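The values are calculated or read from the model by the stated rules, or taken from the named source; none is laboratory data. This is a predicted model, so every value here is computed, not measured. So basically every Cβ, Gly included, is an ideal-geometry build from the backbone, and we count neighbours across all protein chains shown. The protein model used for the area step is the full one, side chains on, heavy atoms only, and it has no ligands, DNA or RNA in it. Shrake-Rupley method; radii C 1.70, N 1.55, O 1.52, S 1.80 Å.
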Amino acid sequence: MTHYDALETRSADERAASQLAALNARLAQNGLAPVAALSDLARLPVLRKSELSARQKAHPPFGGLPVANAAHVFQSPGPIYEPGGVSHDWWRMGRFLHACGIGPGDIVQNCFGYHLTPAGMIFESGARAVGAAVLPAGTGQTDLQVRAAVDVGTTAYAGTPDYLKVILDRAEEMGERLKITRAAVGGGALFPSLRKEYADRGIACLQCYATADLGSIAYEVPVQEGMIVDEGVIVEIVRPGTGDPVPEGEVGEVVVTTLNPDYPLIRFATGDLSAVMPGQSPCGRTNLRIRGWMGRADQTTKIKGMFVRPEQVAEFVGRHPEIARARVIASREGEADAMTVQVESAGGDATAYQKTVMDVLKLRGRIEILPRGALPNDGKVIEDRRRYD
């Protein structure tokens, strides 16, 4: 299969130069000074959803951000309001649908919601970008979904990973055979067993990573070796609770900067965990790869009646330069909460660490000093081992 465009196979230097020029234009729109290199992004503050929501309450509907050419206004839980545009492939979803093998001659049964949230429009825009027709099916009414798929002859599905199985199973019960051979899914986990079930039914299923605020962030291609970052965004992986990039391969929070001039979000924290994969995809696309969704970065937990947040763990680590990483573990001893702070450090003073824990977390905790590399690479800085069943 040919690539979507020449951007996917350009050299790292070409991509960096182009993205730097676009980034500085987006920074100017936000009233920020230009940067000399993409790595300088790490010096800028992270924008979190809670902050965006507060800004929007103060300056409705978009929080005073530089929004242009908004043809739609969407509402996501929070609530958070997002603009939507109607220019070509505004959310950049066409790149993913092309990778799925969807194009002219296809009819996409779009089972993402069209009500308030932008998912339906995001995928419809992508389908138009690759020349496919769209059946705007939305969610629910499975019998009607089956009837429409048969009558219209839909060849591709877009929606959550599990709803396609509901449609297929119902079609079998109704004695109908569908023509769907490709599926572009998102908005939930695509488990290997479900992907295999679709493959056994003659359907090639690939998943993307996208959000209402940012559009497409990364997407799978048929070789299924991680997710390739979209050409219209800059992705960083940072330590949860901070804006500090982690080394390649370490799990951290996904922070995204969009290069869309109509809605330039700078260092927007998704709250999702992932990690950068080494090397390039064997498909010939040269952009960064990530491992996909690996959990949530917001691990705030209440211990002994006190909230413990990732930002506090980051502050604790920052007060001791010899500490590489730390993890707070919440457990139960008898009928009482207990807290252990595991610290990766070459030696270190447990007494000093206990004092800092008390200062920063406002709780007493047991200190365990571990060698570097001992903590799991899963992005967790707070682990709750208490059972609630």
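Using only Cα atoms, what is the ratio of the radius of gyration of the range 71-230 to 2.2 N^0.38 Å?
After normalising by residue count via 2.2 N^0.38 Å, the value is 0.98.
If you place +1 on the Cβ of every Lys and Arg, -1 on the Cβ of every Asp and Glu, and leave all else neutral, what size is the dipole of the range 1-119 about its Cα centre, to the nearest 20 Debye?
460 debye
Just check the range 8-158 against the gyration tensor rule for me: Cα atoms, a ≥ b ≥ c as the square roots of the eigenvalues, rounded for a/c under 1.5, and otherwise prolate or oblate depending on whether a/b exceeds b/c.
oblate
Show His72, His59, His98 ordered by accessible area, largest first, where the area counts protein heavy atoms only and the probe is 1.4 Å.
Highest to lowest solvent-accessible surface, that is His59, His72, His98.
Which whole-Hz couplings ³J(HN,Hα) result when phi for each residue of the range 365-370 is put into the Karplus expression 6.51 cos²θ - 1.76 cosθ + 1.60, θ = phi - 60°, listed in order with x for Gly and Pro?
For the range 365-370, the Karplus curve yields x, 6, 9, 10, 8, 10 Hz.
Determine the distance separating the Cα centre of the range 149-188 from the Cα centre of the range 89-135; give it in Å without decimals.
Cα centroid of the range 149-188 versus Cα centroid of the range 89-135: 15 Å apart.
What does the helix-only formula give at 222 nm for the chain: each DSSP H stretch with n ≥ 4 adding -39500 (n - 2.57), the total divided by the residues, and the result rounded to the nearest 500 deg cm²/dmol?
Calculated mean residue ellipticity at 222 nm is -7500 deg cm²/dmol.
Amide H neighbours of Leu47 under 5 Å, counting only residues 5+ apart in sequence or on other chains, H built in-plane at 1.01 Å?
So Leu47 has HN proximity to Phe268, Ala269.
What are the extents of the Cα atoms of the chain along their three principal axes, in Å, largest first?
Principal-axis extents of the chain (Cα, largest first): 72, 52, 45 Å.
Quick one: which residues, 5+ away or cross-chain, put their amide H under 5 Å from the amide H of Ile217? H built at 1.01 Å from N.
Tyr209, Ala210, Thr211
Can you work out the base-10 log of I(q)/I(0) for the range 40-104 at q = 0.12, 0.21, 0.25 1/Å, using the Debye formula on its C-alpha atoms alone?
Scattering profile of the range 40-104, log10 relative to I(0): -0.46, -0.95, -1.05.
What are the ³J(HN,Hα) values, in whole Hz, obtained from phi via the Karplus relation 6.51 cos²θ - 1.76 cosθ + 1.60 with θ = phi - 60°, for each residue of the range 159-169 in sequence order, with x given for Gly and Pro?
x, 6, x, 8, 5, 4, 4, 4, 5, 5, 5
Given the options Leu38, Leu144, Leu190, which has the most mean-square fluctuation in a GNM of the chain, springs set between C-alpha atoms less than 10 angstrom apart?
Between Leu38, Leu144, Leu190, it is Leu144 that shows the largest mean-square fluctuation.
Whole number please: convex hull volume per residue, Cα atoms of the range 245-389, in Å³.
162 Å³
Given a cut-off of under 8 Å on Cα pairs at least six residues apart, what relative contact order in percent is computed for the chain?
13 percent
Please turn the phi angles of the range 372-384 into ³J(HN,Hα) values with the Karplus equation 6.51 cos²θ - 1.76 cosθ + 1.60 (θ = phi - 60°), one per residue in order, whole Hz, x for glycine and proline.
Values, residue by residue: 4, x, 6, 6, x, 8, 10, x, 7, 10, 10, 10, 9 Hz.
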